[in-house]
Amino acid sequence: MSPSFPGQRRAPARGRHAFAATWWGQAWVTALEDSTLDSGRLSRGRTYARQGMVGAVTIAPGQVKAAVDGSRPRPYRSAVHLPVLTDAQWGTLLDTIAARAGHLAALLDGEMPAELVNDAHRAGVPLLPQPTELDPECSCPDWGYPCKHAAALCYAIAATIDADPFVLFALRGRGREEVLARLRALRTAAQETAAPPAPAGIPAAAAYARWVEEPPELPGLPEPAAHTTALPVTPPPGTGPTAADLERLMADATARASRLLAGDTADLHLTQHQDAVRIAASNPGPEWFHHLIQSTGVKPTAFARLTRAWRHGGPTGITVAEQPYAPDSTVMKAARTALDAALAEMTDSPAPLRTWRNRLTLTHQGIQLRLGPDARWYAYLRDEDGEWWPAAPADYDPVTALTAAWSQNGE
């Protein structure tokens, strides 16, 4: 049965890392904040956590979950997933703890020794979460990564990790009692069994000569299957891209070729950073997302905004996000007339529209509509930092675009 911990109902001190007092708790918070570029949702998540909107937290192998209050009457079901360690990694980690008596003593005293984390990391065991490992999930309609509810859960659990470092072990797959029982068994075995002698080696020259005389048989390459993106062989270690990376690129190239054969040539005219945005918009994962930012040199927040613009409007969505222009004034006047009529029914007081080039802005409501070169209207919302973000798919009707933004803003 999974242990249950009460949610953090008291408001902690202000600040980004105020949710954790220990270095390992702050490492959890840092992993969360480094896993995303959406500072607005992180800010909302901190506010939710401070206001006690995170309910009882349940910790299980590979996940932490809780009900998080939102704008609707019923709480959302939020969770954050973390990869569990393999049996081999657990063996290495437990051996690392058992190697130093001080490690176990510190853990039992509620401390996470930095030397233990460093020793485990050098052995290839990630005890503390990496930014690319945190995988948020929520029942809310917000597709943010993470949404504000999952972010609030991450902030709220930081204090629990502060108080009990064994929570990190539980998230990685094994609870306190299981870890302690295995460590006791290792200690007993070490006392009963003497260390085996180190195997005798041979000079490198002799080993090479033996290999030349009796070379091992290498496996033959399999016949490639038709219409597949699977690699025939695994890339050698340390060469850069993994097999999964290469297979994703192959699948992407196949899909683009199919669209080209069907007559869709839009992808042929993309710039380097537009193509990077296109790949990022397909949700390749946090690690790819960061690599794409580094390769293009675009600022992280701007890259995230362009990624959302692509999801709502493809290449034209990027153009609308980056390049304001002066459209036909009659089109803008007709749109203003239609929007003024719609706003008169939607609000009790006048909501003035401000016009600049291809943009109509409701300043007090934080809503902006942008006319694209494809004659469609793109809805934008202003975040807490005053930045405009794409909010909904484009539409030829400005009133429909306004309604989509209005409902998103109300959420």
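Checked against (1) open to solvent by less than 70 Å² (accessible area, probe 1.4 Å); (2) not assigned by the TED database to the domain that holds residue 276, residue 348 passes all but condition (1).
Each row is one residue, and each column tells you yes or no for (1) of a type in the set (Val, Ile, Thr); (2) open to solvent by 50 Å² or more (accessible area, probe 1.4 Å); (3) in a loop (DSSP other than H, G, I, E, B).
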{"residue": "268", "(1), (2), (3)": "no, yes, no"}
{"residue": "282", "(1), (2), (3)": "no, yes, yes"}
{"residue": "293", "(1), (2), (3)": "yes, no, no"}
{"residue": "298", "(1), (2), (3)": "yes, no, yes"}
{"residue": "306", "(1), (2), (3)": "no, no, no"}
{"residue": "313", "(1), (2), (3)": "no, no, no"}
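Could you please let me know if residue 104 is closer than 20 Å to residue 177 by Cα, under 25 Å from the mean Cα position of the chain (by Cα), in contact (Cβ under 8 Å) with a residue 24 or more places away in the chain and assigned by the TED database to the domain that holds residue 148? Spelling it out, it is not the case that residue 104 is closer than 20 Å to residue 177 by Cα, under 25 Å from the mean Cα position of the chain (by Cα), in contact (Cβ under 8 Å) with a residue 24 or more places away in the chain and assigned by the TED database to the domain that holds residue 148.
Taking every residue in the range 268-295 that is not assigned by the TED database to the domain that holds residue 129 and of a type in the set (Val, Ile, Thr) and pairing it with any residue that is crowded, with 19+ Cβ neighbours inside 10 Å and in a helix (DSSP H, G or I), at least 6 positions away or on another chain, the pairs with Cβ-Cβ distances below 6 Å are 277/306; 277/307; 277/310; 293/303. Only residues that are in contact (Cβ under 8 Å) with a residue 40 or more places away in the chain and surrounded by fewer than 17 Cβ atoms within 10 Å (Cβ to Cβ) were counted across the range 400-411, and they come to 4.
With the requirement that a residue be of a type in the set (Gly, Ala, Ser), assigned to a helix (DSSP H, G or I) and loosely packed, with under 13 Cβ neighbours inside 10 Å, what does the range 315-345 give you? Give the steps one after another, and end with the answer.
We begin by selecting, within the range 315-345, every residue of a type in the set (Gly, Ala, Ser); these are 317, 321, 326, 329, 334-335, 338, 341-342, 344.
In the following step, the residues that additionally are assigned to a helix (DSSP H, G or I) were identified as 317, 321, 329, 334-335, 338, 341-342, 344.
Those that are of a type in the set (Gly, Ala, Ser), assigned to a helix (DSSP H, G or I) and loosely packed, with under 13 Cβ neighbours inside 10 Å: 329, 334, 341, 344.
Could you check, for the range 381-397, whether at least one of its residues is in contact with an Asp or Glu (Cβ under 7 Å, 6 or more places away or on another chain), assigned to a loop (DSSP other than H, G, I, E, B) and crowded, with 16+ Cβ neighbours inside 10 Å? Reasoning before the result, please.
So in the range 381-397, the residues in contact with an Asp or Glu (Cβ under 7 Å, 6 or more places away or on another chain) come out as 389.
Cutting the leftovers down to assigned to a loop (DSSP other than H, G, I, E, B) gives us none.
Scanning the range 381-397, I find no residue that is in contact with an Asp or Glu (Cβ under 7 Å, 6 or more places away or on another chain), assigned to a loop (DSSP other than H, G, I, E, B) and crowded, with 16+ Cβ neighbours inside 10 Å, so the answer is no.
If you go through the range 16-41 and pick out every residue that is open to solvent by less than 10 Å² (accessible area, probe 1.4 Å) and under 14 Å from the mean Cα position of the chain (by Cα), you end up with 4.
Is it true that residue 173 is in contact with a helix residue (DSSP H, G or I) (Cβ under 8 Å, 6 or more places away or on another chain), in a loop (DSSP other than H, G, I, E, B), surrounded by 17 or more Cβ atoms within 10 Å (Cβ to Cβ) and on the phi > 0 side of the Ramachandran plot?
Numbers: in contact with a helix residue (DSSP H, G or I) (Cβ under 8 Å, 6 or more places away or on another chain): yes; in a loop (DSSP other than H, G, I, E, B): yes; surrounded by 17 or more Cβ atoms within 10 Å (Cβ to Cβ): yes; on the phi > 0 side of the Ramachandran plot: yes.
When the stated conditions are applied, residue 173 passes them.
Please work out if residue 78 is open to solvent by less than 50 Å² (accessible area, probe 1.4 Å), polar (S, T, N, Q) and assigned to a strand (DSSP E or B). Working first, answer last.
Numbers: open to solvent by less than 50 Å² (accessible area, probe 1.4 Å): yes; polar (S, T, N, Q): yes; assigned to a strand (DSSP E or B): yes.
Yes.
The values are calculated or read from the model by the stated rules, or taken from the named source; none is laboratory data. Bear in mind that the values here come from a model prediction, so they are computed numbers and not experimental data. Positions of Cβ are generated from backbone atoms using ideal geometry, with glycine treated the same way; all protein chains shown enter the neighbour counts. In case anyone asks, the SASA skips ligands and DNA or RNA and just uses the protein heavy atoms, side chains included. Shrake-Rupley method; radii C 1.70, N 1.55, O 1.52, S 1.80 Å.
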